[in-house]
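Here the structure is laid out as structure tokens; the discussion comes afterwards.
The values are calculated or read from the model by the stated rules, or taken from the named source; none is laboratory data. Owing to the predicted nature of the structure, the values given are computational and were not obtained by experimental measurement. Don't worry about glycine lacking a Cβ; one is built from the backbone with ideal geometry, like all the others, and counts go over all protein chains shown. Accessible surface is based on the protein model in full, side chains and every heavy atom, while ligands, DNA and RNA are left aside. Shrake-Rupley method; radii C 1.70, N 1.55, O 1.52, S 1.80 Å.
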Amino acid sequence: MIYMKKYLSNLWQVMLFSSVLLSSASAQQETLLLRSPSISNNHISFVYAGDIWIADKSGNNPRRLTVNPGVEQNPMFSPDGKQIAFTGNYDGNTDVYVVSINGGTPKRVTFHPSADILRGWLNNKEVYFTTTREFTYSLGPRLYKTSLEGELAVPLLMPEAYQGSPSEDGRYWAYIKNTDPTERDRVAFKRYRGGGMPSIWIFDTESKVVET
């Protein structure tokens, strides 16, 4: 009887341990840590395990668009929803790339040795991005734009713009400046009692007036 009770006790422990393992394995099969979602009329794109993925807007039919060993981030749909621009770190350099929602080889659209971080689309043929290529001549990063055909990138009119978004008609820009994370180490926060959010600036591209 004692032997039987001991046997049943051991059997119960094994079953309980197996149940825990199965539950853990099931949890590991879940798709976790999806980042940087972007939504078009028909699809959702996101970053998972360093690659760009796309799925139907319902969440069905997920598929991977990029397989490069480099890291991709920040995917954004073009206005017509047919392309996805993203920031890719290939061959040791960070640049802006574009890929069709149907897959294929990503197309590189920026070529400067400084890091170029995608911020958005201006239309179906132009993207804009943050770059530090002017650090030698200015106090902070700046927004540039370029076409998908690889033409020479040109700066937008706002100085020291780190991140921003244009109005629908393109006249006004709401943007943030002087928020490069590398600058934070040089800011004295001791006894600081203010807020931590950066100011949003409004730039009128016609009058060149800046407001906060």
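As an exercise: evaluate Y137 against (1) at negative phi; (2) at pLDDT 95 or above and give the number of the one condition it does not meet.
Unmet for Y137, out of (1) at negative phi; (2) at pLDDT 95 or above: (2).
If only one of R142, R171 is basic (K, R), open to solvent by 40 Å² or more (accessible area, probe 1.4 Å), under 26 Å from S78 (Cβ atoms) and at pLDDT 90 or above, which one is it? Full working, then the answer.
Values: R142 fails: at pLDDT 90 or above.
Exactly one residue qualifies, and that residue is R171.
I'd like to know if region 77-86 contains one or more residues that are under 13 Å from S36 (Cβ atoms) and at pLDDT below 90. Give the steps one after another, and end with the answer.
First, the residues of region 77-86 that are under 13 Å from S36 (Cβ atoms): 77, 84-86.
Those still in the list that are at pLDDT below 90 too: none.
No: region 77-86 contains no residue that is under 13 Å from S36 (Cβ atoms) and at pLDDT below 90.
Would a scan of region 48-65 turn up a residue that is polar (S, T, N, Q), surrounded by 10 or more Cβ atoms within 10 Å (Cβ to Cβ) and modelled with pLDDT under 95? Working first, answer last.
Taking region 48-65 and keeping what is polar (S, T, N, Q), we get 58, 60-61.
Remaining after also requiring surrounded by 10 or more Cβ atoms within 10 Å (Cβ to Cβ): none.
No, region 48-65 has no match at all.
Between T182, T212, which is among the β-branched types (V, I, T), over 23 Å from L122 (Cβ atoms) and at pLDDT 60 or above? Break it down stepwise before answering.
Working: T182 fails: at pLDDT 60 or above.
Of T182, T212, the one residue that is among the β-branched types (V, I, T), over 23 Å from L122 (Cβ atoms) and at pLDDT 60 or above is T212.
Report whether or not L33 is part of a helix (DSSP H, G or I), at pLDDT below 90 and open to solvent by 50 Å² or more (accessible area, probe 1.4 Å).
Numbers: part of a helix (DSSP H, G or I): no; at pLDDT below 90: yes; open to solvent by 50 Å² or more (accessible area, probe 1.4 Å): yes.
So L33 fails the test.
Consider W53 against the criteria (1) assigned to a loop (DSSP other than H, G, I, E, B); (2) free of Cβ contacts under 8 Å to residues at least 40 places away in the same chain: it satisfies all of them except one. Which criterion is unmet?
The one condition W53 does not meet is (1).
Only one residue in P79, P113 is more than 16 Å from the chain's Cα centre (by Cα), part of a loop (DSSP other than H, G, I, E, B) and without any contact (Cβ under 8 Å) to a residue 40 or more places away in the chain. Which one?
On the way: P79 fails: without any contact (Cβ under 8 Å) to a residue 40 or more places away in the chain.
Being more than 16 Å from the chain's Cα centre (by Cα), part of a loop (DSSP other than H, G, I, E, B) and without any contact (Cβ under 8 Å) to a residue 40 or more places away in the chain holds for just one of P79, P113, which is P113.
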